[in-house]
1. Within the stretch A:268-277, take every residue that is aliphatic (A, V, I, L, M) and more than 9 Å from chain B (Cβ to nearest Cβ) and give me the one that is surrounded by the most Cβ atoms within 10 Å (Cβ to Cβ).
2. Among the residues of the stretch A:85-132, how many are basic (Lys, Arg), touching a residue at least 60 places away in the same chain (Cβ under 8 Å) and more than 17 Å from residue A:288 (Cα to Cα)?
3. What residue, of B:317, B:294, B:334, is farther than 23 Å from residue B:461 by Cα and of a type in the set (A, V, I, L, M, F, W, C)?
4. Can you spot a residue in the stretch B:230-253 that is closer than 30 Å to residue B:159 by Cβ and part of a strand (DSSP E or B)?
5. So which residues in the stretch B:159-191 are among the charged types (D, E, K, R), closer than 30 Å to residue A:172 by Cα and within 10 Å of chain A (Cβ to nearest Cβ), if there are any at all?
6. So residue A:101 clears everything in (1) in a loop (DSSP other than H, G, I, E, B); (2) under 28 Å from residue A:263 (Cα atoms) except one condition, right? Which one?
7. Going by what's in this entry, would residue A:280 be described as in contact (Cβ under 8 Å) with a residue 40 or more places away in the chain, over 20 Å from residue A:95 (Cα atoms) and surrounded by 15 or more Cβ atoms within 10 Å (Cβ to Cβ)?
8. Can you name every residue in the stretch A:250-267 that is in contact (Cβ under 8 Å) with a residue 40 or more places away in the chain and more than 14 Å from chain B (Cβ to nearest Cβ)?
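All of the numbers you see were taken from the coordinates with simple rules; none came from a lab. Keep in mind the model is a prediction, meaning the values are calculated, not measured. No Cβ is skipped: glycine too gets one built from the backbone with ideal geometry, and neighbour counts run over all protein chains shown.
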Amino acid sequence: MLSYATKRALIAIFTLLVASLVVFTMLEIVPGDPARLMLGMNATEDAVHNLQQQMGLNQPLAIRYFSWLGGLLTGDLGKSYTYSVPVFDLIKERVAVSLPLAAISLALSTLIALPVGIFAASKRGEFSDTLAMGVAQMGVAIPNFWFALLLVYVFAVTLRLVPAGGFPGWSAGFGVSLKSLILPSIALALPQAAILARVTRSALLEVLGEDYIRTARAKGLSRRQVLYRHALRNALIPVLTILGLQFAFLLAGTIIIENVFYLPGLGRLVFQAITQRDLIVVEGVVMLLIATLILVNLLVDLSYAAVDPRLRRRS
Amino acid sequence: MKSWKLVIAGVAVSLVMSSASYAAKTDLVLGIVLEPPHLDPTAGAAAAIDEIVYANIFEGLTRIGPKGDVLPALAESWTQSEDGKVYTFKLHKDVKFHDGTAFDADDVKFSLDRARGNTSTNAQKGLFAAIDTVDVVDPSTVRVTLKQPSGDFLYNMGWGDAVIVAPESAGTNKDKPVGTGPFKFNSWAKGSQIVIAKNPDYWGKPALLDKATFRVIPDPAAATAALLAGDVQAFPVFPSYESIPQFQADPRFKVVIGTTEGETVLGMNNKKPPFDNPKVRQAVARAIDRKSLIDGAMFGFGMPIGSFFPPHHPAYIDLTAETAYDPELAKKLIAEAGHPDGFKTTLKLPPPTYARRGGEIIAAELREIGIEAEIIPVEWAQWLDQVFKNKDYDMTIVSHTEPNDLNIFSRDDYYFNYDSPAFKDLIKQIDATSNGAERTGLYQQAQKLLAKDVPAAFLFQLPKTGIWDAKIKGLWENGPIQANDLTAVKWLD
């Protein structure tokens with residue numbers, strides 16, 4: 001067990017190191033000078049040069065990489081070129097928006113998708129199945145920014161129940177902050193729910209075709225009992241895999257929804273940092289995401305080992 | 001079951017109640033499209049910085065007023081020597097920075113010397129190039145000696161880049177700006193909003209608002225929704241031209257289409273064949289129908305220009321006829337230049353919609369006279385690197401939004417690669433002239449020369465599309481500089 005866990009952990013650390021090198025070099029060769037961008041079209045060459053020096057951009061690439069890597073090990077992600085504040089603080093502020101948003105959307109989409117998927121699978125081929133899957137197909141097809149705008153016009157512009165966008169900050173109060181996340185999480189959750197419902201249905205149908213299900217039915221269990229006791233549990237594995245992928249997407253891939261609702265989330269931070277060539281911020285966020293993914297994978301690997309004794313014995 | 005219904009009803013009622021509590025009439029929420037990178041106007045070119053701090057938080061010796069005129073600010077008055085080289089500024093007394101430190105002549109010397117010094121990162125260092133020495137005569141008097149007379153000096157001192165900062169806070173202004181203005185910095189939630197509050201100890205006429213919030217809304221559709229929902233009450237530079245008619249028809253809003261200093265041009269590389277031939281440049285300019293360009297790319301907002309000068313300036317002359325739309329003449333010119341069958345070229349377009357949409361229309365119009373322009377979209381960072389710095393381009397579209405920037409055509413090594421001794425001489429004369437009538441004459445000569453030489457095709461002046469609640473008064477209608485001066489803004493009862 002220990003050797004399996006150690007091996008997994010070592011692989012994770014090695015992956016992180018390789019990722020840091022790839023991320024750093026790839027971003028550093030992107031054309032465009034953050035100092036020139038900051039000072040604009042009228043700037044004199046010496047002013048640009050002075051700012052490059054202030055930003056530490058005139059040092060050789062290797063030195064910058066190792067000082068950045070050294071910082072990473074101590075939790076120091078460096079200082080943003082544009083904002084001139086620690087990257088760590090910037091990310092912390094954005095995670096305080098993106099994480100709750102991702103969590104609420106995920107919870108919402110699961111709450112919608114699982115019952116719909118199970119219902120559709122249990123009524124396979126009937127009209128209600130076709131209807132549910134038709135609606136889900138539409139949910140996949142409708143662009144979420146368009147759906148988001150529709151929500152804004154109904155609930156913010158016409159009914160004025162919630163703000164059209166923005167995030168007041170958790171310090172402004174739990175209620176108002178939560179309220180500003182309602183529409184964005186619905187807009188994010190519905191397309192995800194549509195995908196998840198379809199996956200749930202097909203996973204369940206596949207399991208329902210297995211031999212052991214027939215055995216269970218032959219033993220005299222009702223359709224319902226088979227569905228919930230034997231099929232659902234096994235069908236949950238692909239569903240959980242999709243959920244994990246969706247969570248990673250929701251954390252940083254929600255830039256379009258963040259734009260429509262002008263939310264200060266991680267996605268917009270990365271986007272803005274790329275256009276402003278604030279590369280140290282991009283590097284910081286990307287490393288954070290990679291680390292999160294690796295950590296999740298590591299936990300999954302370890303939990304497999306805990307569940308499946310064959311994996312333990314093999315090493 | 002019943003209790004559930006009660007809970008839902010309760011939530012609905014509380015949601016309605018909380019959104020019904022409108023802000024008191026001394027705060028204002030303004031929408032801005034771009035978030036500033038930081039808040040120190042002496043260390044960055046982004047207009048978004050000045051749009052928050054100019055005249056509100058920071059002040060200079062002089063300031064630019066809503067009509068583009070030079071007004072006194074921290075300097076209550078000044079005198080100029082006979083030879084035009086020595087300015088003596090009388091400063092306001094009892095002025096304090098927001099952190100409580102006193103303002104005096106030493107701060108002026110510090111700020112000007114810092115901006116023009118060896119380690120300066122001022123984006124407009126050129127504004128201070130004429131200064132020879134800055135001397136403190138007494139705590140409320142500063143004497144600035146110039147190397148040569150400069151007609152623009154007082155105007156230059158009114159730029160956001162020339163504001164007066166204190167040595168105690170200059171290093172931290174990026175994150176916590178400390179100025180002398182009628183508003184103090186309050187908070188900045190990055191990516192979301194910046195809040196400024198009234199400075200109760202202001203030396204001059206106090207602000208009428210208690211609090212102003214600048215909310216960052218980059219998406220045009222979101223900007224429209226935010227105004228309609230009442231989340232923001234003013235959008236001084238509204239980004240979604242296509243939604244403007246909707247607001248014009250709505251009596252709750254006031255829509256003001258003003259002018260700016262943004263001359264939008266089709267830049268051509270004057271040293272790169274075939275654009276080194278003035279006939280080719282004229283042909284390109286003649287091939288463009290400014291009206292269809294403004295209608296198509298700008299939804300009709302924007303004023304056609306025939307040279308590089310803002311239409312609201314007293315010295316402006318309309319030269320659009322010099323290069324009026326004439327595709328037949330354009331074809332003739334291009335044949336005379338030795339390209340009877342046209343040629344292939346490229347058009348690099350930065351991200352703003354005026355460039356991307358405008359570029360497509362212009363490329364289509366150029367095709368009519370045989371020029372095949374391949375469109376290459378670029379990011380700002382790439383544009384600055386490839387087009388601006390390395391001059392690796394054939395044609396590009398960009399708006400020059402800085403005020404008083406006629407002299408860019410006289411700069412060596414500027415991206416147009418335009419090199420005209422006659423124009424350089426005119427700019428030198430303008431700079432050395434402070435007499436109004438004489439300057440006007442020289443400005444007009446310069447405009448005519450550019451309209452004739454066509455170093456770039458002059459397209460249109462960017463509009464300032466302001467939309468705000470009809471009950472708000474005092475926001476600037478025009479944009480002589482990129483600022484949101486809130487000092488006179490108030491809500492009507």
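1. From the stretch A:268-277, those aliphatic (A, V, I, L, M) are A:269-270, A:273-274; that's our starting set.
Now drop any that are not more than 9 Å from chain B (Cβ to nearest Cβ), which leaves A:270, A:273.
Numbers: A:270: 22, A:273: 25.
Per the criteria, the residue is A:273.
2. If we filter the stretch A:85-132 for residues that are basic (Lys, Arg), which is where we start, we get A:92, A:94, A:123-124.
The next check asks that each one be touching a residue at least 60 places away in the same chain (Cβ under 8 Å); those that pass are A:94, A:124.
Applying the additional criterion that residues be more than 17 Å from residue A:288 (Cα to Cα) yields A:124.
Total meeting the criteria: 1.
3. Working: B:317 fails: farther than 23 Å from residue B:461 by Cα; B:294 fails: farther than 23 Å from residue B:461 by Cα.
That would be B:334, the only listed residue that is farther than 23 Å from residue B:461 by Cα and of a type in the set (A, V, I, L, M, F, W, C).
4. Yes, that holds for at least one residue.
5. Of all residues in the stretch B:159-191, those among the charged types (D, E, K, R) come to B:161, B:168, B:174-176, B:184, B:190.
The next check asks that each one be closer than 30 Å to residue A:172 by Cα; those that pass are B:174-176, B:184, B:190.
B:174, B:175, B:190, listed by residue number.
6. Here residue A:101 meets the rest and fails (1).
7. Working: in contact (Cβ under 8 Å) with a residue 40 or more places away in the chain: yes; over 20 Å from residue A:95 (Cα atoms): no; surrounded by 15 or more Cβ atoms within 10 Å (Cβ to Cβ): yes.
No: the conditions fail for residue A:280.
8. Once the filter is applied, which keeps residues that are in contact (Cβ under 8 Å) with a residue 40 or more places away in the chain and more than 14 Å from chain B (Cβ to nearest Cβ), the stretch A:250-267 yields A:250, A:251.
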